[in-house]
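Reading through the structure tokens given below for one structure.
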Amino acid sequence: MYNKLFSPLKIRGMELKNRAIFPAMGTRMAENRAVTDRLIQYHVARVKGGCGLNIVEVSSVHTPSAPRNFLGICEDDLIPSHKKLTDAIHQAGGKAGIQLWQGSLAVGMDPAARIFMVNDTTIRGYTLPAITLAEIDEIVDCYGQAARRCVEAGYDCIEFHCAHNYLPHSFLSGGLNHRTDEYGGSFENRAKFPLRCIRAIRANIPEDMPLLMRIDAQDDQLPGGMTLDDTVAFCKMAQAEGVDVLDVSRGNIVTAATVYEVPPIDIPRGFNVDNAAYIREKTGMLTVAVGRINTPELAESILEEGKADMVVMGRAQLADPEFLNKAQAGRTEDIVYCVACNQGCYDGFCDLQNRPFITCLRNPQLGREREWTLTKAETPKTVWIAGGGMAGLEAAKVLQQRGHKPVVFEAADHLGGQFLTAGRAPGKQEMADAAQLFGRQVEKMGVEIRLHTPLTPQLLQEGKPDAVILAVGACPIRMPVESTDTVRVAVANEVLDGLETIEGETVVIGGGLVGLEVADFLATRGNKVHVVEMAEKAGKDLGSLRAITVMGKMRALNVEILTDTRFEKLCETGAVCAGKEGEVTIPCRNVVVAVGSRPNDCTPLEQACAELGIPCTKVGDAKQARRALDAVAEGFDAARTL
């Protein structure tokens, strides 16, 4: 199946077994800029899963500006750790690339790092001086020396990062480069620095070693920035200097277009493919398509239609390291699909205080491939799971894989829980699909599923399982307000699930994720919507990139958001609220409550387990209403350690 995706490709002296690329994604798995065993196992798992080319994450070329929690190839003493990685990738049957990177202000995660800016830049009253001509020469030389080290370390190819506001892109883009010397002004001048870097790399690698370049298709929302045709012109210049392949990305960190770098679920699948196709047609170069390509069907169609020669499938392989093996074997119903929630990959990368490295909602083993290898249970147990949401299903899957006998008790007539409800919001069908597919996968594994059957103390008394996992989730908090003759009151989850039909002007109480999604749901259907939020900001429980897309959607739908405002009561004409300016009445026909959730009460089940001597573990929202990322991780861990 998917003949084009799994066809070989030769680039100079490198032969790839298929057209799928695992891209350079920051992981924070490096230590003191060196490759770790954790990073090696992370890559090897994707190689064994069928990936054609693994590009190792952004690797600093210049020591003084290299963050310590990023990978580096900036010193000779780092070569052995990289050699260990390339050897492991080769032994597993894959090819290894590396992305050479020189940051800019984005390296601010490491306060000690030296920062190079293309222009003088004032931030919080402190001016960061523009990179000098001598420093430009220094960085160009560092690219050449880094390329030499990559060859010694055994890499099969190199990718030059010339996108996303990092230093080469900052020089190239007229929207970012405001210099007045020979590196600024005209397009030709702005191209000098990245072209010098390319020459330095090419001069230090063998003739048969491919050189890729990650490039932004265009500078979205950046006045004076690169257009598609500007990018085509630069790519032709880069080709003349020895670049073989264009890895066409998108996004910049100085505008809302940063969402295109790690696009959340709100951005359509394959949103950047047509740009890659245009650049491929105009340059005649080998081209890689990037951007939410997370199904084998989409990847195959892109390649079959000649829009690109290769496809990046990054988060698809984070969610399921066996993605490509399953696709090639025609086992698409067994794939664990990325849903672009961004909770583990992007938000986890940015969460320096709480997460040591990235993770994935769909794959809690990410980054712990070796230490959390699942082992068969010495003594198989009958384990009853209360709740068939994502946490309960994850626990059931892992228990079954380990040889236990899990039984899922679900009060509703379907599996998937709150994840299924989340998928009812506009643009989030992938979440609903994933929840439904997960249920089918668990059932296909042989797990016993009992729908319409809540777990009760009586059932525990009668069945006496060996262990119990409580994954009963949470329920929406209901406010003490009742419908009147003129204003109807409903709960957000019931609206999203289709249990309540709302029409007409509506006030949504609560501006968190659920409140904004039900506002989207109602406004998309043509209703005027007002969101009332007590805090100073709406969407505080959204990750940074989803916040951009969700709040942008609110503006596009003309949803009014009132912050620092509290709902007081209903009146004959609508909702009475109190804000900074005093009391205000918002005319409406409906009020939808979205003020959060509280764990469902497990006390009777916990007491029954205690009386019967049955070990009992509570996971997910049953403990505390949080993100799905945490619920799935706890379901996995409970089953892994049982």
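The values are calculated or read from the model by the stated rules, or taken from the named source; none is laboratory data. All values derive from a computational prediction rather than experimental measurement. Note: ideal-geometry Cβ built from the backbone for every residue, glycine included; neighbour counts use all protein chains shown. The protein model used for the area step is the full one, side chains on, heavy atoms only, and it has no ligands, DNA or RNA in it. Shrake-Rupley method; radii C 1.70, N 1.55, O 1.52, S 1.80 Å.
Numbers for the structure displayed
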| read-out | value |
| --- | --- |
| Hits in region 226-278 - residues which are over 26 Å from the mean Cα position of the chain (by Cα), outside any helix (DSSP H, G or I) and polar (S, T, N, Q) | T227 |
| Cβ pairs under 8 Å, 6+ apart, first in region 223-246 and of a type in the set (S, T, Y), second surrounded by 15 or more Cβ atoms within 10 Å (Cβ to Cβ) | T227/Q218; T227/D219; T231/I215; T231/D216; T231/A217; T231/Q218; T231/I279 |
| Test for L642: is it of a type outside the set (D, E, K, R), out of contact with any strand residue (DSSP E or B) (no Cβ under 7 Å at 6 or more places or on another chain) and either part of a loop (DSSP other than H, G, I, E, B) or on the phi > 0 side of the Ramachandran plot (or both) | no |
| Any hit, region 575-586, residues being charged (D, E, K, R), part of a loop (DSSP other than H, G, I, E, B) and closer than 17 Å to V508 by Cα | no |
| Residue satisfying all of: in region 34-46; surrounded by fewer than 23 Cβ atoms within 10 Å (Cβ to Cβ) and without any contact (Cβ under 8 Å) to a residue 60 or more places away in the chain; nearest to T63 (Cα to Cα) among these | A34 |
| Residues within region 179-204 that are open to solvent by 10 Å² or more (accessible area, probe 1.4 Å), part of a helix (DSSP H, G or I) and in contact (Cβ under 8 Å) with a residue 24 or more places away in the chain, tallied | 7 |
| Hits in region 462-484 - residues which are surrounded by fewer than 20 Cβ atoms within 10 Å (Cβ to Cβ) and in a loop (DSSP other than H, G, I, E, B) | K464, D466, I477, R478, M479, P480, V481, E482, S483, T484 |
| Among (1) within 24 Å of A422 (Cα to Cα); (2) in contact (Cβ under 8 Å) with a residue 24 or more places away in the chain; (3) in a helix (DSSP H, G or I), the one test that R555 misses | (2) |
| Qualifying residue in region 322-343 (condition: of a type in the set (D, E, K, R), open to solvent by less than 10 Å² (accessible area, probe 1.4 Å), at pLDDT 95 or above and not in a loop (DSSP other than H, G, I, E, B)) | no |
| Filter result for Q365 (at pLDDT 95 or above and among the polar types (S, T, N, Q)) | yes |
| Residue count for region 563-576, restricted to those that are touching a Leu at 6+ places or on another chain (Cβ under 9 Å) and touching a residue at least 60 places away in the same chain (Cβ under 8 Å) | 0 |
| Residue list for region 201-216, restricted to those being acidic (D, E) and within 19 Å of T287 (Cβ to Cβ) | D216 |
| Residues (buried (at least 17 other Cβ atoms within 10 Å of the Cβ) and either among the basic types (K, R) or assigned to a strand (DSSP E or B) (or both)) located in region 587-609 | R589, N590, V591, V592, V593, S597, P599 |
| Some residue of region 488-502 being under 26 Å from the mean Cα position of the chain (by Cα), modelled with pLDDT of 95 or more, hydrophobic (A, V, I, L, M, F, W, C) and over 27 Å from A411 (Cα atoms) | no |
| Within region 48-165, strands (runs of 3 or more DSSP E) holding 2 or more residues that are under 19 Å from F193 (Cβ atoms) | 53-60, 95-101, 157-162 |
| Looking only at region 546-581, and only at residues there that are out of contact with any Phe, Trp or Tyr (no Cβ under 9 Å at 6 or more places or on another chain) and of a type in the set (G, A, S), the one that is most open to solvent (accessible area, probe 1.4 Å) | A556 |
| Residue that is out of contact with any Gly (no Cβ under 9 Å at 6 or more places or on another chain) and either of a type outside the set (D, E) or open to solvent by 30 Å² or more (accessible area, probe 1.4 Å) (or both), where the choices are L172, L176 | L172 |
| Selected residue (only one of L393, L415 is part of a loop (DSSP other than H, G, I, E, B), buried (at least 20 other Cβ atoms within 10 Å of the Cβ) and at pLDDT 95 or above) | L415 |
